Amino acid sequence: MRHFSTLQRLGTSYLFLAPALAIGAVHAGDRLDPIVVTATRVPQTIDATLSSVTVIEREEIERLQPRQFTDLLRGRAGIGIAESGPFGKLSSVFMRGSNSGHTLLLIDGVRMGSATTGSASWQYLPPSEIERIEIVRGPRTSIYGSDAIGGVIQVFTRQGLEGPPRINAFVGGGSFNTLEYGAGVAGGTRDTRYSVSASRFDTDGIDVLTGVGDDDRDGYDNTSLSGKLSHRLGNGMEIFGSLLYSRGTTAFDADETESVFDPDTETFVPVVVGPFSPAENDFVQSALRAGVRGFVTPEWQSQLAFSQARDELASFEGGTLADRIAQFDTRRDLIDWQNTIHLPADWAWVAGLDAYDDHVDASTAFAEDSRYNIGIYSVLQGALGHHDLEASLRLDDNEQFGSEATGQLGWGRRLSQAWRLRASAGTAFNAPSFNDLYFPGFSNPDLDPEESVSVEVGVRYASGRWFLDAALFQTEIDDLIAFDMATFSPQNINEARIRGLEMEMGYQAGGWSSRTSLTALEAEDRATGNELPRRSPFSARVDMDRVFGAWSLGASLLGQARSFNDTANEDRLSGFATMDLRVAYAIDPQWTLEASVRNLFDRDYVTVRDFTGANFNQPGRGAFVTVRYQQQ
């Protein structure tokens, strides 16, 4: 594709880009076109990619002033969020209507997620440690393997740039007795880049289930550390490493057993925490990665990386080790060898091998406590005349269910300097979790992987300060895993068809910045004709900001139509709309004062209800103030 020559002109450092270091943009006329690596594992501009992609930069994160990670995702094109309360409570991310376990989370290239539940712990990600987020909608199993039926979200932690050490710090607080603070330092030389930062978030929260337990607030605290280091050796090779570590506590009402939701089976089952109700969950989430990369020849770039992901949860009814009632610790050890061959005529071929081993250490005795997966993958992309082409193929060998092959084809054509048309089709699969396969009394070791076929047609417009991206998509999922109450175990019994339209458009000029996201969705259980639970048929988000000298003002409007809480479509969740306001004042080039009001009109709304009919409450109106320092 033509974008490879553009990236080569930026220097070899950009072609060293692994998922740990993809930060940047190239000029496209009078605008900046962000570079992404998640779509195909190699750097591409958004205009050049054949995928539906959204990028959230650090500048936007600070402008939006989020209190939790899901604040950044809610209402984005193709994304639905369901939360069992705010601030560290169980969160499900439905990308293009697929299950939460069908969205792969990467942190600096590290494959995240609990091996027991099969889903990522979105609720524990700290916005303060994030430099950039890349959202790729649509199947990516033929590149990354299982868990990517709906798409991939990659989080990049803070990183340093060439220059002297620069300190950053912030402190803030507000409603719900919330306090947050953090500090870091970043910098680099021609050959070395580094960044290290730490932060703390602490809140009393709200009473998540009114009238349940002791009717007090269910608090949350999260202490996080991130670091990133890269150094170029004398022979042109580069060593690199990254770390994100978070630990803390999230509280629940004392008799909340029936309200624990398994996002993989879309039902309430006792397999998550056992027969008792925790009053508190202590968690650890970490992503560690190290490796070496560089050019073996002028055309052959290679990278070898080792990484480890941890997702640990201990549940307590009291405050001591003796009060522990359940513990689920999972560890994933990974190795990834990726090779990129730059071919003539601006073509590129990516070929690699990855392998990971999942381990479970739990208070519950699983029938199996480990399994491995080995995958080989290949991506070919380039152009023939005015047509851009992309093909990917992957073969996975899983210890539990054997081999699975997936593939994807993509096509694009530039209709004019501003307009570009694209289309793609691909297959994907999702492996059953340890809970599905091995949890005593509630599992089924004979489960097959969920399989899907997806098609998409999209168009992108980018000219001057405007952009528009729209896509029509359809996904059919076979062997969907659902909990069968007749056998009290998960079964491959459901088929789902998901159709939708998603659109993003934005404008940036003259101090104005705006982004609008719309999603129309039809997610149907083919066996019953019912809607899949907690998928709203329509959602929208509008972010608008204006800079006036040292001042900036902004507002976000989010809304979604009604959905159903259950598979029978008998428990209706009402639609809602909320508005957030924000203001920032640059005291000087280094100091900034920020303030925000969330849920301005104090709307009552819920996205999850337990099967007894109790609402998992969401916060009412809240106000927050932050002071931020960035050394220049």
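Just so it is clear, none of the values below were taken in a lab; they were calculated from the coordinates. Please read these numbers as outputs of a predicted model, since none were measured by experiment. Neighbour counts run over all protein chains shown; Cβ positions are idealised from the backbone, glycine included.
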For a label point 7 Å from the Cα of GLN631 along Cα→C-beta, name the residues of the stretch 148-166 whose backbone N is under 16 Å from it. 159-166
Could you give me the ³J(HN,Hα) list for the stretch 432-441, computed from phi with Karplus coefficients 6.51, -1.76, 1.60 and θ = phi - 60°, whole Hz, x at Gly and Pro? x, 7, 5, 4, 4, 8, 10, 5, x, x
Considering Cα pairs under 8 angstrom that are at least six residues apart, work out the relative contact order of the stretch 103-226 and quote it in whole percent. 20 percent
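Mind listing which GluC sites (Glu not before Pro) in the stretch 508-613 are in a DSSP loop and have 10 or fewer other Cβ atoms within 10 Å?
Within the stretch 508-613, the qualifying GluC sites (Glu not before Pro) (loop, at most 10 other Cβ atoms within 10 Å) are GLU570.
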For the chain, what is the charge dipole size about the Cα centre, in debye to the nearest 20, if Lys and Arg each add +1 at the Cβ and Asp and Glu each add -1 at the Cβ? 3240 debye
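Can you show me the helix-derived [θ] at 222 nm for the chain, built from DSSP H runs with n ≥ 4 at -39,500 (n - 2.57) apiece and divided by the number of residues, rounded to the nearest 500.
Using -39500 (n - 2.57) per qualifying helix, the result is -1000 deg cm²/dmol.
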Gained length - ALA586 relative to LEU553, 0.36 nm times residue gap less alpha-carbon distance: 10.7 nm
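Only loop residues by DSSP count here, and only those with at most 11 other Cβ atoms within 10 Å; note down the chymotrypsin sites (Phe, Trp or Tyr not before Pro) in the stretch 566-632 that meet that.
Hits after loop and neighbour filter: PHE601.
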Principal axis extents for the stretch 430-534, Cα atoms only, whole Å, descending order, please. 62, 26, 20
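Rounded to the nearest 20 Debye, what is the dipole magnitude of the stretch 440-588 about its Cα centre when Lys and Arg each give +1 and Asp and Glu each give -1 at the C-beta?
Details: 13 positive and 24 negative charges, 224 e Å.
Roughly 1080 debye, rounded to the nearest 20.
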What are the residues whose amide H is under 5 Å from the amide H of SER121, where those residues sit 5 or more places off or on another chain and H is modelled from the backbone? GLY113, SER114
Using θ = phi - 60° and the Karplus relation 6.51 cos²θ - 1.76 cosθ + 1.60, list the HN-Hα couplings for the stretch 519-534 in order, rounded to whole Hz, with x at every Gly or Pro. 9, 10, 9, 10, 10, 10, 7, 5, 6, 10, x, 7, 6, 5, x, 6
Take each of the peptides 462-468, 114-120, 95-101, 191-197, average the number of other beta-carbon atoms within 10 Å over its residues, and list them starting from the highest. 95-101, 114-120, 191-197, 462-468
List the relative contact order of the stretch 371-505 as a percent without decimals, with contacts defined as Cα pairs under 8 Å and 6+ residues apart. 16 percent
Using the alpha-carbon centroid of each, what span in Å lies between the stretch 146-179 and the stretch 438-513? 26 Å
Return, ordered by residue number, the residues of the stretch 445-478 whose backbone nitrogen is under 19 Å from a label point located 7 Å along Cα→Cβ of PHE538. 470-473
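Nothing charged except the Cβ atoms of Lys and Arg (+1) and of Asp and Glu (-1): what's the magnitude of the dipole of the stretch 506-549 about its Cα centre? Round to the nearest 20 debye.
The calculated dipole for the stretch 506-549 is roughly 160 debye.
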